[in-house]
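Notes to accompany the following structure.
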Amino acid sequence: MQSGKYVPGLHPGYERNMATIESLLDTADLPDSPTPRLDAELLLAAALGKPRSYLRTWPERELEAEQLAQYQASLARRRNGEPVAYILGRQGFWSLDLEVAPHTLIPRPDTELLVETALELLPAAPLAALDLGTGSGAIALALASERPAWQVTGVDRVEDAVALAERNRQRLKLGNVGFLHGHWFSALAGQRYGLILSNPPYIRADDHHLDEGDVRFEPSSALVAGRDGLDDIRAIIQAAPQHLLDAGWLLLEHGFDQAEAVRALLADVGFTDVHSRRDLGGHERISLGRFDRE
């Protein structure tokens, strides 16, 4: 009988004659992950250089030593809490595959509501759109991919984020979007847009979620906005009218319990048609308004 072989990084004491796809997935040890099987599949597929569908098609495939080492190293990083997106350097958003890095937020499905709402509100005709705090460029790139006639600008105060967004633009070969370095509207003097969107920092400085899950690894400057989480939203709302065309729209993502406060801020500055929209979890996730200059 052939003796078993210990595969490091799996359940303690587990032995197997060979490190097959099936055995590695069945024994991946990620006790603190909310999605352990998905995480293991993504990390294993990356180590193999294959899509996840390959794992189901070839469960008996045995990994080569280099592939196994890469998978085990990635598994250890995930076990330490590091987000899968940062381990892989990639994250899907909308219909796009984006490069991500620890100096930017990880694009999340909830933020796709901003894109959906913008596409619903505004026609495919030529339009200037602005994405504030663009990070990896997710929102700007999604809009540009869906609206070839739009000219989209993304702005971020972190130079590395601007460079990352530009790399994503080049890889996606989108010519109707560009990225600038600046803090909110600081680089946009005299510029006006028919649409401004932002997923700004909106977490309270004392929020316990900052010490939990993937958020622990994301840049606090892209998450925290003062004692009530609304400092950056206030700044954007106050300055936005100077950069909106007549009847231009402002769309803002915010926390699940901040919609009422954000609607009040919009109304106080003179926005009309102010309302909020719910994400897939049923939470009021974005609030928006139109600014009529007349």
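Considering each residue of segment 140-184, count those that are β-branched (Val, Ile, Thr) and either within 23 Å of PRO126 (Cα to Cα) or surrounded by fewer than 18 Cβ atoms within 10 Å (Cβ to Cβ) (or both), and give that number.
Selection size over segment 140-184: 4.
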Item to complete: Please enumerate the residues belonging to segment 252-270 that are modelled with pLDDT under 95 and either among the β-branched types (Val, Ile, Thr) or open to solvent by 60 Å² or more (accessible area, probe 1.4 Å) (or both).
Response: PHE256, ASP257
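Answer with yes or no whether HIS103 is modelled with pLDDT under 95 and at negative phi.
Numbers: modelled with pLDDT under 95: yes; at negative phi: yes.
Spelling it out, HIS103 is indeed modelled with pLDDT under 95 and at negative phi.
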Discussion item. For a quick check of your reading: which helices (runs of 4 or more DSSP H) sit entirely within segment 1-73 and have at least 2 residues that are farther than 26 Å from ASP97 by Cβ, more than 23 Å from the chain's Cα centre (by Cα) and modelled with pLDDT under 95?
Written reply: 21-27
Worksheet, complete the sentence: ALA118: passes all of (1) of a type in the set (Gly, Ala, Ser); (2) assigned to a loop (DSSP other than H, G, I, E, B); (3) more than 12 Å from the chain's Cα centre (by Cα) but (2)
Response to the item:
Within segment 77-96, residues part of a helix (DSSP H, G or I) and open to solvent by less than 50 Å² (accessible area, probe 1.4 Å) come out as ARG78, VAL84, ALA85, TYR86, ILE87
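The values are calculated or read from the model by the stated rules, or taken from the named source; none is laboratory data. Since this is a predicted model, take the numbers as computed values, not measurements. With ideal geometry, Cβ positions are generated from the backbone for all residues, glycine too; neighbour counts draw on all protein chains shown. Accessible surface is based on the protein model in full, side chains and every heavy atom, while ligands, DNA and RNA are left aside. Shrake-Rupley method; radii C 1.70, N 1.55, O 1.52, S 1.80 Å.
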